[in-house]
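In what follows, a structure is listed as structure tokens, so that the remarks can point back to it.
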Ligand SMILES: NC(=O)c1ccc[n+]([C@@H]2O[C@H](COP(=O)([O-])OP(=O)(O)OC[C@H]3O[C@@H](n4cnc5c(N)ncnc54)[C@H](OP(=O)(O)O)[C@@H]3O)[C@@H](O)[C@H]2O)c1
């Protein structure tokens with residue numbers, strides 16, 4: 001009999017994460033979500049029969065607790081992000097996304113799944129691919145990015161998390177496969193046409209926009225659709241709303 005897919009979601013109470021929860025449930029997926037104590041999901045979601053909620057501080061979970069969370073999962077989705085206030089941006093944990101990514105991947109490796117688990121990380125166009133694979137940004141953008149990474153911990157954190165997947169997990173791991181999703185400026189709004197690009201398509205000074213619903217849709221596709229996964233695993237697709245894409249190079 002067909003077994004429903006199981007996805008572990010972290011950051012599910014965030015602006016994008018909430019949409020991932022809803023879209024996964026609409027697809028019939030069994031969702032496990034780790035949320036901070038007291039964090040709110042919409043009541044209709046929180047009571048959903050296919051959703052299992054664990055209230056816990058993610059980084060405080062023991063290795064055994066994390067292994068129980070990932071055991072039996074087909075995919076793990078991270079929509080974690082530093083809260084956009086002074087404490088969230090400059091206060092600890094500075095390495096929220098990197099530490100969560102590292103610990104979750106190590107938990108997957110420890111449980112030795114029969115087939116690799118898909119790890120899908122929500123990231124940003126400020127993150128670059130290893131080995132200079134993205135088109136070289138112009139000097140003013142490189143200076144701005146360097147400053148951001150030096151001064152703003154979340155910018156550095158997002159790059160380090162992506163680097164961990166690119167370098168430490170790599171493309172041929174027996175237990176973990178991954179995809180780093182890079183949206184541009186996040187906007188509210190419904191799912192709409194979007195395009196996917198291998199590399200950077202816009203300048204930091206003239207950014208594109210990406211509906212959060214589109215990010216959620218693409219992440220759900222990656223978690224549930226083997227064709228989408230085969231195309232984008234081990235890659236860092238940039239996702240932008242279609243109307244703003246310079247060329248129709250959708251994946
Ligand atoms: N803003 C943009 O335009 C933009 C553009 C491109 C990419 N991004 C990236 O997209 C990602 C998600 O963005 P978003 O706006 O959807 O995020 P968001 O609404 O800020 O949500 C962040 C999520 O992370 C959780 N979180 C924050 N600090 C935590 C901690 N210390 N421990 C455990 N959980 C914690 C939050 O939990 P609580 O609900 O409990 O606070 C929430 O679920 C971020 O990595 C961001 O860098 C943003």
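The values are calculated or read from the model by the stated rules, or taken from the named source; none is laboratory data. Everything quoted here is computed from the prediction, not taken from an experiment. For neighbour counting, all protein chains shown are included, and Cβ atoms are generated from backbone atoms with ideal geometry for every residue, glycine included.
Among residues of the range 55-66 being assigned to a helix (DSSP H, G or I), in contact (Cβ under 8 Å) with a residue 12 or more places away in the chain and surrounded by fewer than 17 Cβ atoms within 10 Å (Cβ to Cβ), the one that is farthest from the chain's Cα centre (by Cα) is 63.
Of the candidates 107, 135, the single residue that is closer than 30 Å to residue 155 by Cβ and either modelled with pLDDT under 95 or within 11 Å of the ligand (Cβ to nearest atom) (or both) is 135.
Here is a yes/no grid of residues against (1) at pLDDT 95 or above; (2) surrounded by 13 or more Cβ atoms within 10 Å (Cβ to Cβ); (3) assigned to a strand (DSSP E or B); (4) more than 15 Å from the chain's Cα centre (by Cα):
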position: 13; (1), (2), (3), (4): yes, yes, no, no
position: 17; (1), (2), (3), (4): yes, yes, no, no
position: 21; (1), (2), (3), (4): yes, yes, no, no
position: 24; (1), (2), (3), (4): yes, yes, no, no
position: 32; (1), (2), (3), (4): yes, yes, yes, yes
position: 37; (1), (2), (3), (4): no, no, no, yes
position: 40; (1), (2), (3), (4): no, no, no, yes
position: 44; (1), (2), (3), (4): no, no, no, yes
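So which of 197, 173, 167 ends up being loosely packed, with under 13 Cβ neighbours inside 10 Å and either in contact with a strand residue (DSSP E or B) (Cβ under 6 Å, 6 or more places away or on another chain) or in contact (Cβ under 8 Å) with a residue 24 or more places away in the chain (or both)? Being loosely packed, with under 13 Cβ neighbours inside 10 Å and either in contact with a strand residue (DSSP E or B) (Cβ under 6 Å, 6 or more places away or on another chain) or in contact (Cβ under 8 Å) with a residue 24 or more places away in the chain (or both) holds for just one of 197, 173, 167, which is 167. Of all residues in the range 54-81, those satisfying the criterion of being more than 18 Å from residue 21 (Cβ to Cβ) and out of contact with any helix residue (DSSP H, G or I) (no Cβ under 7 Å at 6 or more places or on another chain) are 57, 60, 61, 62, 64, 65, 68, 72.
The condition of being away from the ligand (no atom under 13 Å from the Cβ), touching a strand residue (DSSP E or B) at 6+ places or on another chain (Cβ under 9 Å) and free of Cβ contacts under 8 Å to residues at least 24 places away in the same chain holds for only one of 52, 6, that being 52.
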